[in-house]
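This report concerns only the one structure given below.
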Amino acid sequence: MLSFIIRRLLITIPLVLLASVLVFLLVANSGDPLADLKGRQPPVPPQVIEAREKLIGLDKPLPQRYWHWLTNFVQGDMGRTIRGVEVRPLLWQRMQITLRMVVLASIVAIVLAIGAGVLSAVKQYTVTDYTFTFAGFLFLSMPVFWLAALMKEYGAIRLNKLFGKQVVFTVGPESPNLAGSFGHRLADYAGHLLLPTIALALISFAAWSRYQRATMLDVLGADYIRLARAKGLSRSRVMVRHALRNALIPLVTVVAIDTGAIFGGAVITERVFAWQGMGALLVQGVETSDPNILLAWLMVTSVLVVLFNLIADVLYAVLDPRIRYG
Amino acid sequence: MADTEGQELRRTEHGVQVHEVAATTPEREFTIAARTQTQMILRRFLAHKLAVGSLVVFLIVVVASLIGGRFWRYSYADITPEFSSPPSLKHPMGTDSIGHDSMAQILRGAQKSVQVALMVAFLATTFGALIGALAGYYRSWTDAALMRFTDLVLTIPAIALLAVLAANVSETAGNWFFIGLVLALLQWTYIARVVRGQFLSLREKEFVEAARALGASDARIMFRHLLPNATGSIIVNATITVAVAILLETALSYIGLGIRPPDTSLGLLVSEGQQAATTRPWLFWFPGIFIVIIALTVNFIGDGLRDAFDPTQTRVRA
Amino acid sequence: MATNTLPEQPTAETGSHAVLEVKDLTVEFPTDDGVVHAVRGVGFSLEPGQVLGIVGESGSGKSVTSLAIMGLLPPSARIHGEVNFRGRNLLKLPDKEQTKIRGKQIAMIFQDPMTSLNPVYSVGWQLQEAILAHQDIDKGKAWARAVELLDLVGIPNAADRAKNYPHEFSGGMRQRVVIAMAMTNDPDVIIADEPTTALDVTVQAQVLDTLERVQENTSAGIVLITHDLGVVAGMADRVLVMYAGKPVEIGDTDSIYYDPRMPYTLGLLGSLPRLDAKGAEALTPIRGAPPSLINLPPGCPFSPRCPMSRPNCDSDEPALRPVAGVDHVAACHYAEELAGDIAAAEVFETAEADVQALEELDHLGTLDQAEAEQAEERA
């Protein structure tokens, strides 16, 4: 098992390096961080522009800039934004906010997907199946921004009316100047998290539940399930210990692959609910063509995705003995 | 002596009466009509009422969005005296605060979104299938390179990649084409992966060995033998690409990094209509519902196609 | 579609001692293309210690029969008839009761050993589970028993290998594990559905050997389902030949092999290569293919492929009737004509293409020789 983990690690390192090259090329070629400066009226003297370029390091050749950035990055130095703010603490702060939503939404989505997928498969071609399938298709076809906006504009008001006071919030990850007991703060976080998490979870659950249904159907038709029943095991035991145990394994891979997509969804959802998280940071970076923000953003998310995939691979090996030594 | 079918009966040495057995008696053996493979696929697809219905709706939407703008009395840029008015006979989908006719805008937005999606599907599918076929057939370093590249593309969140790429092209006029190009640049990797997987498993089958033994060239094997077998997956994935492309493009436009004014996109319309969602709901609901309808019908069609191409699906497992 | 009415089988050997008795079993599946009549009236009885071989081509309904007995058919299946085990009709029992019987009193062995075992649990664990499902003993004892069983079926290093996963075993070994699982609770009936089909010939022998050993140990009755007549000859006491969902001949192994009375059985035997074949006897393949079970025409289902068919064969489906003593029944209107030692080649046409092909090969051979000689001369 250990050799398996080490081997996977060895594969991911070159992948991350390659990603860094791609990301750097991408960012270096998209947009001009000094466009704002150059477009000013009256025109800024060329010396000022040159000096700025030197400051940011744009006067050096590409490979050198890449090396400079990479060596700094691995040591933890992510540079500064155009305005001079340190990127790393900024990124870290934003990441914490976004991760709240991403992790919670993923967990909710996984639970929903397993429930819906398994129920659909077990009760194939019944009303339950058709309902879940239709729901899955519906949310699969819904743009996350529209669903989020829907929740925000209509869901919030209704829910708050129901409770008689404001329990659900639609702006930001938490109330400004939040203070008080742990319980109070938790309730506040929850109130802010509720709607965005539901929106993001519903979109993710849709794709996964379809997949889970298909996997479960495959498993239910397998010979070893028939043998388990022939052994005289009860229906429930066969369903849980044999069918489910096998059917959950592929989901691990699917969820890992979709990590990037969930992040993308979170970016959009944040925009809808005006969270100052990774989404806002990305848009800021793109709009100002700020290379350090973009580089850090893309690299950190890539590393996260690769990490999640690695964890998923290990988890898969734990669950499926067939691939442990492959 | 003969029996009623006119066949000669003869006696064997031990006195058994026998006659010649016809090699095949199709009426008795095959009591279901024979069909070609395409017919079977078509038949299975048509049995899917939902998929067929979705196909009809989708075609209507596509045709309406592509040419409907020309026939509608308003253009998307027209400013009418009625502003912020709810749906009426004159303006079936209402108007916005400036006086634009929503229906015209939605038709235009749908046109852009559909154009982008179809273009992405076409480009991504052709390019992706080609690369995937080469990778799956030749394996070794072509395959390794492809796999590493698709892994890369998968690790970075699509929306981020798009945002960065699209920032370059958003300023240009007629930018829907470039947005489509950018989207295709990302989407081809999925199809490439699928086709590669198919070719990897197909190339091991005996009919490939047989073809090679008969002297078929690589190109011939790939195009005449392997590709037709992968057609099912390719078509299904192409439809998925359309749906994904619509959702990605509208998302990009929503956050302002996709199609920009003066042109419009369904995503842009949603973002513009969002502020007024409670006071002027038609501005928010119509564009959103349109996106859902397009994506939903495409998804249903894709599902129907998947069932049609997969011969292992039977309604009853015996 | 004619239903088959089984005559009484009142001899002293069958009847009251039977541990498993199947009467008039029919199974239908509704599909998009129509109703598939997979099983159309199967009946047999099985005594303790007896081996019944059920023989037939793919699609003859033999597997569906076995699944019906075990109660493992999908819910869409429509089943009629009786499956009497120790006096109780299993088909009428609720699933809970059937579950108690499965794996304990009636056990089953499936065809494909590569997919029969759950890949994520160790072999020992799966055996242990089978034991614990029906016996109230502690886990340690159950594990010990599992190791014992593995040893019994001939798995070397049973104690260590019990911790291995199925993918670490070869096909033959896996099948032996499945047999061990079937044995765990000393069943009265073991149904083996094509246990050797997916295996190499040498491994086949080992697996059959194991089955025989199991029989000696447990005195269970075995229903051995296969399409391989060679397998049946070695092990079975009685043989039931199935065609198009119905039994067409039932009898002792010797009677069936030496005095077949149904043309299909004769054809099957004739298509079997035999070491003791006299001289240049050619194999007799049966022309055509089995009929579709959806729209079965009236009459005997074998008629279109039968060299002996007469006009009434196409209109009246023959019922099983005694043809040589009460123990030997066949479903053929003209079974009498097959009495005595009649070779299959006499009734069925032998393949003539062989001769032609042989001639052509000969011709090619001489051509090759001629070319080689020419090439040598030039060199």
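The numbers here are math on the coordinates, done by the rules we state, and not lab data. Keep in mind that what you see is a predicted model, and the values were worked out from it rather than measured. Neighbour counts run over all protein chains shown; Cβ positions are idealised from the backbone, glycine included.
Values as computed for the structure displayed
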item	result
Global form of chain C, assessed from the alpha-carbon gyration tensor, a/c cut-off 1.5	oblate
The range C:99-145, dipole about Cα centre (Lys/Arg Cβ +1, Asp/Glu Cβ -1), debye to the nearest 20	160
Helix-only CD estimate at 222 nm, as mean residue ellipticity for the protein assembly as shown, using -39500 (n - 2.57) per DSSP H run (n ≥ 4)	-18000 deg cm²/dmol
Estimated FRET transfer efficiency when R0 is 45 angstrom, pair C:D316-B:A144 (beta carbons, to 0.05)	0.10
Within chain C, percent of DSSP bridges classed antiparallel, to nearest 5	60
Charge tally in the Cβ shell below 13 Å around B:I79, where Lys, Arg are +1 and Asp, Glu are -1, B:I79 excluded	-4
Under 5 Å, built H, 5+ apart or other chain: amide partners of C:A107	C:V189, C:I190, C:I191
Normalised contact order of chain B, rounded percent, pairs of Cα under 8 Å and 6 or more residues apart	22
Karplus-derived HN-Hα couplings along the range C:154-167 (A = 6.51, B = -1.76, C = 1.60, θ = phi - 60°), whole Hz, x at Gly and Pro	x, 8, x, 6, 3, 4, 6, 5, 4, 7, 6, 8, x, 5
Per-residue average of Cβ from other chains inside 10 Å of C:118-125	5
On Cα atoms only, tilt of B:102-138 relative to the major axis of chain B in degrees	40
Peptide-level mean, for C:299-309, of C-beta atoms on other protein chains within 10 Å	4
Net dipole in debye of the protein assembly as shown [+1 Lys, Arg Cβ; -1 Asp, Glu Cβ; about Cα centre; nearest 20]	5920
Normalised contact order of the range C:57-134, rounded percent, pairs of Cα under 8 Å and 6 or more residues apart	22
Per-peptide average of other Cβ atoms within 10 Å, ordering B:178-184, C:91-97 highest first	B:178-184, C:91-97
Table column - 3J(HN,Hα) (Hz), the range A:296-301, Karplus curve with 6.51, -1.76, 1.60, x for Gly and Pro	4, 4, 5, 5, 4, 5
Peptides B:67-75, C:259-267, C:309-317 ordered by average Cβ neighbours within 10 Å, highest first	C:259-267, C:309-317, B:67-75
Selection from C:G340, C:V83, C:L361 lying farthest towards where the dipole of chain C points positive, charges on Cβ	C:V83
Cβ charges +1 (Lys, Arg) and -1 (Asp, Glu), total dipole of the range B:47-143, debye	240
For the range C:249-256, Karplus couplings with θ = phi - 60° (6.51, -1.76, 1.60), whole Hz, Gly/Pro x	7, 9, x, 5, 4, 4, 4, 5
Neighbour net charge for A:N160 - beta-carbon separation under 13 angstrom, K R +1, D E -1	+3
Residue pairs, from the table C:K100/C:K139; A:K152/B:K49; C:K92/C:K246, whose Cα atoms sit over 27 Å apart	A:K152/B:K49
Per-residue Cβ neighbour rank within 10 angstrom, fewest leading, A:R100, B:R224, A:R8	B:R224, A:R8, A:R100
Within chain B, longest stretch clear of exposed GluC sites (Glu not before Pro) (DSSP loop, no more than 15 other Cβ within 10 Å)	B:205-318
Cα long-axis angle, helix A:62-74 against chain A (0 to 90 degrees, to the nearest 10)	60
Positive-end extreme of charge dipole, the protein assembly as shown - chosen from C:P94, B:H19, B:G109 (charges on Cβ)	B:G109
Amide H contacts of A:W275 (H built 1.01 Å from N, under 5 Å, at least 5 apart or other chain)	A:G172
Summed side-chain charge close to A:A312 - residues other than A:A312 whose Cβ falls under 14 Å, Lys, Arg +1, Asp, Glu -1	-3
Neighbouring partner chain Cβ atoms per residue of A:4-16, average, 10 Å criterion	1
Considering only the protein assembly as shown, percent of DSSP beta bridges that pair antiparallel, nearest 5	65
Placed amide H near C:L320: partners under 5 Å, 5+ positions off or other chain	C:T5
Degrees, to the nearest 10: A:182-220 long Cα axis against longest axis of chain A	60
Exposure proxy ranking, count of Cβ atoms within 10 Å, fewest first, for C:S116, B:S85	B:S85, C:S116
Length-normalised contact order of the range B:177-314 in % [C-alpha pairs under 8 Å, at least 6 apart]	23
Least to most buried among A:T269, B:T189 (fewest other Cβ within 10 Å first)	B:T189, A:T269
